[in-house]
1. Taking amide hydrogens as modeled 1.01 Å from N in the peptide plane, which residues meet the under 5 Å criterion relative to TYR182, leaving out close sequence neighbours?
2. Label ILE234 and LYS41 with points 7 Å out from Cα along Cα→Cβ: what is the distance between them in nm?
3. Just to check I understand the Karplus step: with θ = phi - 60° and J = 6.51 cos²θ - 1.76 cosθ + 1.60, what whole-Hz values come out for the stretch 79-95, glycine and proline as x?
4. Pairs LYS24/LYS149; LYS42/LYS85; LYS15/LYS42; LYS41/LYS149: which are spaced more than 24 Å apart, C-alpha to C-alpha?
5. Over what distance in Å are the Cα centres of the stretch 39-97 and the stretch 185-244 separated?
6. Give, in nm to one decimal, the length gained when the segment between ASN65 and SER102 is fully stretched (0.36 nm per residue of separation minus the Cα-Cα distance).
7. What part of the accessible area of the stretch 41-88, given as a whole %, is carbon or sulfur when the probe is 1.4 angstrom?
8. Averaged over all directions, how much area does the convex hull of the C-alpha atoms of the stretch 1-159 cover when projected, in nm²?
Amino acid sequence: MNIKIGNLIYQGKAKGIYETDDPKKVVVEFRDDITAGDGAKKDKISTKGFWNSIISAKFFEVLENAGIKTQYIDLIKPGCMLSWKLEMIPLEVITRNIAAGSLLRRYPFQPKQTFDPPIIQIDYKSDEYGDPMLNTDIAIALDLIDEEKLKIIKGTSLKINKTLKDFLESKGLLFPDFKIEYGYDMDGNIILGDEISPDTCRFWDSETCDVLDKDLFRQGESGVIEAYKRVASIILDDEDKKRWNIEL
Ligand code: UDP
């Protein structure tokens, strides 16, 4: 694929978005920066961007195969993802299968309490306001989205959850929760964007309950990159490792 990478058009906390010579496409660069607590804790972990891009690409492919449209086009090389250009919606859509993290800090749930049906929580993506949780009335009053689109987002998120949870459980991983973001493509369709990686999901080993995600960084523990690599080695098959030239 012969794509020319142009100017940086958006710089996030862990990714950069570059324009390309095709106005419909962008390149997403996954960086090694890692943050927690709304940027209060910051570091760089060598090769983290590489692993997150591969893990995200694999999940996007699993979702595309299940008929869910995503921003993903191709992994140009590890760390660099060719994607459809979206106008992002400033919502963080969190789906929860098992109680963990902020849910335990804010509400009287039991650790590891399971949710069936899953809980969908929608936060306003805003560093300035600390990503506050929304309800439908506030989201509409803020002009972030309308009720019909909110329904599409919730329905799609449940489908994404079921697809990824089934996939992960078949590989011996639990999927307590994850955060996704959506945007509009050039025809106004709502499409899954951003990333799906150990930075934005919780993954636990089903047998040992080992934590294999950013909670290790949040809690100041070692072995962050080893955990991310373990997720990659669990979800990638031999064919993936060959086409992306990865040794695990
Ligand atoms: N999450 C995220 N970005 C955020 C907040 C949460 O990717 O700004 C993810 C997080 O990794 C977890 C899920 O969303 O998989 C739920 O996070 P939670 O509300 O428990 O927040 P935390 O306890 O991690 O601060």
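The values are calculated or read from the model by the stated rules, or taken from the named source; none is laboratory data. These numbers were taken from a predicted model, which means no experiment stands behind them. No Cβ is skipped: glycine too gets one built from the backbone with ideal geometry, and neighbour counts run over all protein chains shown. Each accessible area value is taken on the protein alone, full model and side chains, heavy atoms only, with ligands, DNA and RNA left out. Shrake-Rupley method; radii C 1.70, N 1.55, O 1.52, S 1.80 Å.
1. Excluding prolines and chain starts, which carry no amide H, the hits are ILE89, LEU91, GLY193.
2. For the pair ILE234/LYS41, the computed spacing is 2.0 nm.
3. For the stretch 79-95, the Karplus-derived couplings read x, 10, 10, 7, 9, 5, 6, 10, 9, 6, 9, x, 10, 10, 9, 10, 10 Hz, x marking Gly and Pro.
4. Over 24 Å Cα-Cα: LYS42/LYS85; LYS41/LYS149.
5. Between the Cα centre of the stretch 39-97 and that of the stretch 185-244, the gap is 10 Å.
6. Computed gain between ASN65 and SER102 is 10.1 nm.
7. Whole-percent figure for carbon plus sulfur exposure: 50.
8. The orientation-averaged projected area of the Cα hull of the stretch 1-159 comes to 11.3 nm².
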